[in-house]
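The values are calculated or read from the model by the stated rules, or taken from the named source; none is laboratory data. All values derive from a computational prediction rather than experimental measurement. Note that we place each Cβ from the backbone using ideal geometry, even for glycine, and neighbour counts take in every protein chain shown. To get the accessible areas, we keep the full protein, side chains included, count just its heavy atoms, and leave off ligands, DNA and RNA. Shrake-Rupley method; radii C 1.70, N 1.55, O 1.52, S 1.80 Å.
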Amino acid sequence: MSYKQPQRLRRTTINNNPFEQFHTWFEDARRTVLKVPMAMTLSSLSSEGRISSRIVLLARFDNHGFVFFTNYGSRKAQELTLHPCVSILFYWEPLGRQIRIEGNAVRLSAEESDLHFISRPRGNQISAYASYQSQEIESRDDLIAGFEKFIRKFENQDVPRPAHWGGYRIIPDLFEFWQDGEHRLHDRLRYVLQEEGTWKIERLAP
């Protein structure tokens with residue numbers, strides 16, 4: 001058996017800035033057949049020490065962090081209030097790539113959340129009122145009835161952002177870039193934030 005050299009993740013060619021490296025890979029993912037390249041798994045920790053994960057959508061990112069939006073009454077938001085340390089994971093199967101990011105989640109300002117809310121489709125704005133996220137409901141019919149109630153309430157007017165809905169910014173202190181390799185000889189490069197604000201890059205065994 002011989003080893004065929006696949007696409008490699010090399011220390012000599014990877015960007016020293018993990019945010020810039022993320023941007024490069026994200027743009028690669030956007031050019032593939034992936035329908036939702038911004039889908040990411042968000043993991044949080046409960047007061048009982050139980051880890052919960054769910055898919056959320058990355059709204060935007062820059063060198064200050066990764067932003068997503070949710071209902072502040074949801075399970076994830078309650079857990080972030082108790083334990084702001086979180087992990088997010090992107091997996092792009094067509095490229096054989098994943099990116100794991102760890103850091104702390106902080107709430108966005110009301111102004112930032114307002115700006116994003118007005119950019120959402122009207123139906124999504126109304127559903128932010130109709131859905132008491134993560135709360136038990138009697139039936140789907142009740143959910144639809146609530147949605148229709150708010151359609152009538154906001155008829156012929158703009159939908160304001162509800163106070164219980166808004167965004168978080170995840171501020172990373174660790175990135176791991178993973179590239180699939182033949183015979184499970186994957187490439188893994190980890191960026192760890194140092195006290196002086198620089199990033200230490202390490203290669204990990206697969």
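With the structure loaded, tell me whether residue 79 is among the acidic types (Asp, Glu) and under 12 Å from the mean Cα position of the chain (by Cα) or whether it fails that test. Break it down into steps so the answer makes sense when it comes.
Details: among the acidic types (Asp, Glu): yes; under 12 Å from the mean Cα position of the chain (by Cα): no.
The answer is no for residue 79.
Give me the pairs, please: first residue somewhere in segment 77-88 and without any contact (Cβ under 8 Å) to a residue 60 or more places away in the chain, second residue anywhere and among the basic types (Lys, Arg) and assigned to a strand (DSSP E or B), beta-carbon distance under 7 Å, and either six or more positions apart or on two chains.
Short answer, once both residue conditions are applied: 87/100.
Hey, can you tell me all the residues within segment 183-206 that are open to solvent by less than 50 Å² (accessible area, probe 1.4 Å) and part of a loop (DSSP other than H, G, I, E, B)?
Here is the first cut: in segment 183-206, the ones open to solvent by less than 50 Å² (accessible area, probe 1.4 Å) are 186-187, 189, 191-192, 197, 201-202, 204.
Of everything in segment 183-206, those that are open to solvent by less than 50 Å² (accessible area, probe 1.4 Å) and part of a loop (DSSP other than H, G, I, E, B) turn out to be 186, 197.
Filter segment 82-95 for residues that are open to solvent by 10 Å² or more (accessible area, probe 1.4 Å), under 30 Å from residue 8 (Cα atoms), more than 11 Å from the chain's Cα centre (by Cα) and at pLDDT 95 or above and give the result. Break it down into steps so the answer makes sense when it comes.
Residues of segment 82-95 that are open to solvent by 10 Å² or more (accessible area, probe 1.4 Å), as a first pass: 82-85, 87, 89, 91, 93-95.
Right, trim to under 30 Å from residue 8 (Cα atoms) and you get 87, 89, 91, 93-95.
Remaining after also requiring more than 11 Å from the chain's Cα centre (by Cα): 91, 93-95.
Matches in segment 82-95: 91 only.
Of all residues in segment 129-140, how many are in a loop (DSSP other than H, G, I, E, B), closer than 17 Å to residue 153 by Cβ and hydrophobic (A, V, I, L, M, F, W, C)? Can you show your working first?
First, pick out the residues of segment 129-140 that are in a loop (DSSP other than H, G, I, E, B): 131-139.
Next, from what is left, pick out any that are closer than 17 Å to residue 153 by Cβ: 131-132.
If we keep only those that are hydrophobic (A, V, I, L, M, F, W, C) too, we end up with none.
The qualifying residues number 0.
Tell me whether segment 119-128 contains one or more residues that are open to solvent by 20 Å² or more (accessible area, probe 1.4 Å), closer than 30 Å to residue 25 by Cβ, touching a residue at least 40 places away in the same chain (Cβ under 8 Å) and outside any helix (DSSP H, G or I). Explain how you work it out, then say what you get.
Applying the first criterion (open to solvent by 20 Å² or more (accessible area, probe 1.4 Å)) to segment 119-128 yields 119-124, 127.
Going one step further and asking which of them are closer than 30 Å to residue 25 by Cβ, we end up with 119-121, 124.
Now narrow it down to the ones that are touching a residue at least 40 places away in the same chain (Cβ under 8 Å): none.
No.
List the strands (runs of 3 or more DSSP E) that sit entirely inside segment 1-97 and contain at least 3 residues that are among the aromatic types (Phe, Trp, Tyr). If you could, list the steps in order and put the result at the bottom.
Details: elements: 39-45, 51-57, 60-62, 65-71, 85-92.
Hits in segment 1-97: 65-71, 85-92.
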